[in-house]
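Reading through the structure tokens given below for one structure.
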Amino acid sequence: MGEKITVAEAVGRTIAGLGAAHIFGVVGSGNFHVTNAMIDHGVPFTPTRHEMGAATMADAFSRTSGLLSVVSVHQGCGLTNALTGIAEAAKCHTAMLVVTGDTAAGDITSNFYIDQDAAVASMGAVPARIHSAATAVADTAAALHTAVHGRLTVVLSMPVDLQEELVAFDDAAIPRMPITPGPAPAAESLAQLVALLASAERPVIVAGRGAWGAKEELRRLAAASGALLVTSAAGRGLFVDDEWALDIMGGFATEGAADLISSADVIVAFGAALNKWTTRSGALLRTATTVQIDDRPTAIGLHQPVDVGIVGDAAAVAAAAADAVAARMPRKVGYRTHEVAVRVGRDRYWKDQPFERRAQLDRVDPQELTNALDAMLPIERIVVPDGGNVNCYPGAHLRVPDERGYCIPLSFQAIGMGLAAGIGAGVAQPHRLPVVGTGDGAFLMSLVELDTAVRLGLAMVVIVYNDDAYGAEVNLFQPYTDKLDLVRFPETDIAAIARGYGCDGVTVRSMDDLDAVRAWIDRPQDRPLVIDAKIAKFPSWLMARRHTQPAEEGEPVRISH
Ligand SMILES: Cc1ncc(C[n+]2csc(CCOP(=O)(O)OP(=O)(O)O)c2C)c(N)n1
Ligand SMILES: [Mg+2]
């Protein structure tokens, strides 16, 4: 039978018993008891200053650790504050469980009342709820299993009246769900893949986040096929130690890397969505025969039509194909010629690309600044880019140690997620230095979580590319109008604000000012360093490229960023 405890406690103990790794949250009356129950049963808790920060930290924690994170928020307004972070996690298929209070069924007069299930569903997350005291443990276990096994963001609503009811609880009776193996690939489509790779002259294999578990199998397949390796932004870092790998495919690729990819005759994507960013709106795939492997049937062809779609596990498909290609074509050269080796060496990283330095009076060139920081900061880092004009500098120039050393919280393209994502990723990997690259607009939108980082004693570096503006908007609209006051701001002393929070703060107006950063790195670190980098004001190479490249035929010019 087991002891009698409240539903709130039973929910918390079930979540703890099923192995949740960390909770991030803001506690109110509706989630007080459940959060305490999880903590009491061994799940570490990080109190954040805003629910959006909690959701974003949890998302980044899960992405970079592969473990289940929990977000704990108050009902109604606590949940709505978290919605942007929940949408981001849902779009990125993060296994994350949000626990939240809810008003008692039918109590629409409560100030906290909203239709939580509808709100959550419209974010792309899965609504779940505690239906009764008798089903509380089963409801919780089902929600958690849906999150973990479906790689989904699930929101578990707990009506406040039910939370107080008593239920018999027994740890040993928590339902557990075995992991079921993924679908076996169809023999026919596997044979098509093998035939294509065996005859390809310039094959490229691209891995997304869905292929993280298939690193060695993919390297073997690429070696057997004479293929170059590359990742999507979400999968970045997987092949850092492979000499035949480019860094990132898509908007963040160097021009030389993009040239090598778009010259491929066969492109095979494993666990990558092939969205418009990865493919440069399809331009990188134009001449290749394309194959997409994903364990979700719905992912195949979702963003880009492909020639062959294979539903299957990335590692299993790669291993089977590697053996078959090697047997059919021993010692195949493919794309791995001496000339291509030289090009890969030259064009793999942005730090090696020539550029025109554009420093302005008391303002540094953002590319020169980023390359210098890339060389200066320890490679045991987690790079987290925010959005905006400047996002390509941290996003593409800062190198990463491996796939867990990069977290790009831009699936919803919301600015202001970088700082919290850096904190969540840092909590997941305490041996690594989070390095967040953000604009002044995104930073000032979200800086309240500096308090959380300081409280945690977290060593991290926040590079604020400060142009006193929503630079993306300035650059986007400047060609058409001079009404730009609404996206420009007076100078803000971000280093002083950061010091006020208890961080170290450095203002950079010239490259010589980076000496202070060097000194910070050399000291023992127990708090964030915020670099207020006053940067020269011009469109980044990423924005400039979008301005200069003609829209694809038939494609309307889009103003969305
Ligand atoms: C939450 C959210 N609000 C607004 C936008 C639209 N937006 C995109 S970039 C940007 C400006 C960002 O400014 P900043 O962080 O300073 O970076 P910059 O563009 O100046 O480099 C805005 C407002 C968005 N993407 N997300
Ligand atoms: Mg700005």
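Those residues that are more than 7 Å from ligand 1 (Cβ to nearest atom) and under 21 Å from ASP468 (Cβ atoms), I need them from segment 376-390; list them, please. Give the derivation first.
Just the residues of segment 376-390 that are more than 7 Å from ligand 1 (Cβ to nearest atom), to begin with: 376-385.
The answer is PRO385, and nothing else.
For a quick check of your reading: which strands (runs of 3 or more DSSP E) sit entirely within segment 195-248 and have at least 3 residues that are touching a Lys or Arg at 6+ places or on another chain (Cβ under 8 Å)?
Values: elements: 203-207, 228-231, 245-248.
Those strands (runs of 3 or more DSSP E) span 245-248.
How about segment 254-278: which of its residues are within 18 Å of the chain's Cα centre (by Cα) and either under 16 Å from LEU410 (Cβ atoms) or not small (Gly, Ala, Ser) (or both)? Even if it seems obvious, please write down each step before you answer.
Residues of segment 254-278 that are within 18 Å of the chain's Cα centre (by Cα), as a first pass: 270-278.
Once the filter is applied, which keeps residues that are within 18 Å of the chain's Cα centre (by Cα) and either under 16 Å from LEU410 (Cβ atoms) or not small (Gly, Ala, Ser) (or both), segment 254-278 yields PHE270, ALA272, ALA273, LEU274, ASN275, LYS276, TRP277, THR278.
So ILE205 ticks every box in (1) surrounded by fewer than 20 Cβ atoms within 10 Å (Cβ to Cβ); (2) more than 20 Å from the chain's Cα centre (by Cα); (3) more than 15 Å from ASP323 (Cα to Cα) but one. Which box is left unticked?
Exception for ILE205: condition (1).
So, in segment 45-67, exactly how many residues are crowded, with 24+ Cβ neighbours inside 10 Å and not in a loop (DSSP other than H, G, I, E, B)?
Step one: list which residues in segment 45-67 are crowded, with 24+ Cβ neighbours inside 10 Å, which gives 48, 51-64.
Pick out the ones that are also not in a loop (DSSP other than H, G, I, E, B) and you get 51-64.
Within segment 45-67, residues that are crowded, with 24+ Cβ neighbours inside 10 Å and not in a loop (DSSP other than H, G, I, E, B) number 14.
Is at least one residue of segment 517-526 at positive phi, at pLDDT below 95 and either surrounded by 14 or more Cβ atoms within 10 Å (Cβ to Cβ) or not in a helix (DSSP H, G or I) (or both)? So that I can check it myself, show each step before the final result.
Kept after step one, since they are at positive phi, are these residues of segment 517-526: none.
There is no residue in segment 517-526 that is at positive phi, at pLDDT below 95 and either surrounded by 14 or more Cβ atoms within 10 Å (Cβ to Cβ) or not in a helix (DSSP H, G or I) (or both).
Residue under question is PRO366, and the condition is that it be within 16 Å of ligand 1 (Cβ to nearest atom) and in contact with a strand residue (DSSP E or B) (Cβ under 9 Å, 6 or more places away or on another chain); does it hold? Step through it out loud before you land on a result.
Working: within 16 Å of ligand 1 (Cβ to nearest atom): yes; in contact with a strand residue (DSSP E or B) (Cβ under 9 Å, 6 or more places away or on another chain): yes.
Yes, satisfied.
Which numbered condition in (1) away from ligand 1 (no atom under 16 Å from the Cβ); (2) within 30 Å of ALA58 (Cα to Cα) is the only one that ASP482 fails?
(2)
Of the conditions (1) surrounded by fewer than 24 Cβ atoms within 10 Å (Cβ to Cβ); (2) away from ligand 2 (no atom under 14 Å from the Cβ); (3) outside any helix (DSSP H, G or I); (4) not aromatic (Phe, Trp, Tyr), VAL454 fails just one. Which one is it?
Here VAL454 meets the rest and fails (3).
Can you pull out the residues in segment 427-446 that are more than 20 Å from ALA87 (Cβ to Cβ), of a type outside the set (Val, Ile, Thr) and surrounded by 24 or more Cβ atoms within 10 Å (Cβ to Cβ)?
ALA428, PRO434, GLY437, GLY439, ASP440, PHE443
Please determine whether any residue of segment 287-305 is over 20 Å from VAL194 (Cα atoms), at pLDDT 95 or above and buried (at least 22 other Cβ atoms within 10 Å of the Cβ).
No: zero hits.
Please work out if ILE130 is closer than 17 Å to ASP161 by Cβ, buried (at least 23 other Cβ atoms within 10 Å of the Cβ), among the hydrophobic types (A, V, I, L, M, F, W, C) and at pLDDT 95 or above.
yes
For segment 95-130, what are the residues that are assigned to a loop (DSSP other than H, G, I, E, B) and either of a type in the set (D, E, K, R) or in contact with a Lys or Arg (Cβ under 8 Å, 6 or more places away or on another chain) (or both)? Lay out the reasoning, then the answer.
Taking segment 95-130 first, the residues assigned to a loop (DSSP other than H, G, I, E, B) are 95, 103-115, 123-125, 130.
Passing the criteria: ALA95, ASP107, ASP115, GLY124.
Read through the list (1) within 14 Å of ligand 2 (Cβ to nearest atom); (2) in a helix (DSSP H, G or I); (3) touching a residue at least 24 places away in the same chain (Cβ under 8 Å), then give the number of the only condition that VAL464 fails.
The failed condition is (2).
Go through segment 403-426 and give me each residue that's crowded, with 24+ Cβ neighbours inside 10 Å and assigned to a helix (DSSP H, G or I).
GLY405, GLY418, LEU419, ALA420, ALA421, GLY422, ILE423, GLY424, ALA425, GLY426
In this structure, does ALA147 turn out to be assigned to a strand (DSSP E or B) and either modelled with pLDDT of 95 or more or surrounded by 13 or more Cβ atoms within 10 Å (Cβ to Cβ) (or both)?
On the way: assigned to a strand (DSSP E or B): no; either modelled with pLDDT of 95 or more or surrounded by 13 or more Cβ atoms within 10 Å (Cβ to Cβ) (or both): yes.
Criteria not met by ALA147.
Take ALA314 and tell me if it is more than 23 Å from ASP347 (Cβ to Cβ) and of a type in the set (A, V, I, L, M, F, W, C). Talk me through it step by step, then tell me what you get.
Details: more than 23 Å from ASP347 (Cβ to Cβ): yes; of a type in the set (A, V, I, L, M, F, W, C): yes.
Yes; evaluated as a whole, the condition is true for this residue.
Select, from VAL454, VAL435, the only residue that is away from ligand 1 (no atom under 16 Å from the Cβ), touching a Cys at 6+ places or on another chain (Cβ under 7 Å), hydrophobic (A, V, I, L, M, F, W, C) and farther than 26 Å from GLY124 by Cβ.
Details: VAL435 fails: touching a Cys at 6+ places or on another chain (Cβ under 7 Å).
Matching residue, one of VAL454, VAL435: VAL454.
With the requirement that a residue be among the aliphatic types (A, V, I, L, M) and assigned to a helix (DSSP H, G or I), what does segment 1-16 give you?
Step one: filter segment 1-16 for residues among the aliphatic types (A, V, I, L, M), giving 1, 5, 7-8, 10-11, 15-16.
Passing the criteria: VAL7, ALA8, ALA10, VAL11, ILE15, ALA16.
Out of all the residues in segment 12-26, is one or more closer than 17 Å to LEU456 by Cβ, over 21 Å from the mean Cα position of the chain (by Cα) and without any contact (Cβ under 8 Å) to a residue 60 or more places away in the chain? Steps first, answer last, please.
Restricting attention to segment 12-26, the residues satisfying the condition of being closer than 17 Å to LEU456 by Cβ are 21-26.
Imposing the further condition that a residue be over 21 Å from the mean Cα position of the chain (by Cα) reduces the set to 26.
Checking which are without any contact (Cβ under 8 Å) to a residue 60 or more places away in the chain leaves us with 26.
Within segment 12-26, one or more residues are closer than 17 Å to LEU456 by Cβ, over 21 Å from the mean Cα position of the chain (by Cα) and without any contact (Cβ under 8 Å) to a residue 60 or more places away in the chain.
Within segment 258-268, identify whether any single residue is at pLDDT 95 or above, small (Gly, Ala, Ser) and in a helix (DSSP H, G or I), and answer yes or no.
Of the residues in segment 258-268, the ones at pLDDT 95 or above are 258-268.
Next cut, small (Gly, Ala, Ser) only: 258, 262-264.
If we keep only those that are in a helix (DSSP H, G or I) too, we end up with 258, 262.
Yes, the conditions are met somewhere in segment 258-268.
Can you find a residue that is part of a loop (DSSP other than H, G, I, E, B), over 16 Å from the mean Cα position of the chain (by Cα) and within 16 Å of ligand 2 (Cβ to nearest atom) anywhere in segment 363-385? Please lay out each step first, then the result.
Initial filter on segment 363-385 (part of a loop (DSSP other than H, G, I, E, B)): 365, 377-380.
Filter once more, keeping what is over 16 Å from the mean Cα position of the chain (by Cα): 365, 377-380.
Of the ones still in play, those that are also within 16 Å of ligand 2 (Cβ to nearest atom) are 365.
Yes, some residue in segment 363-385 is part of a loop (DSSP other than H, G, I, E, B), over 16 Å from the mean Cα position of the chain (by Cα) and within 16 Å of ligand 2 (Cβ to nearest atom).
Please state which of the following conditions PRO479 fails to meet, knowing it meets all the rest: (1) free of Cβ contacts under 8 Å to residues at least 60 places away in the same chain; (2) over 22 Å from VAL70 (Cα atoms); (3) in a loop (DSSP other than H, G, I, E, B); (4) not charged (D, E, K, R).
Result: PRO479 passes all but (1).
The values are calculated or read from the model by the stated rules, or taken from the named source; none is laboratory data. These figures come from a predicted structure and were not determined experimentally. All Cβ positions, glycine included, derive from the backbone under ideal geometry; neighbour counts span all protein chains shown.
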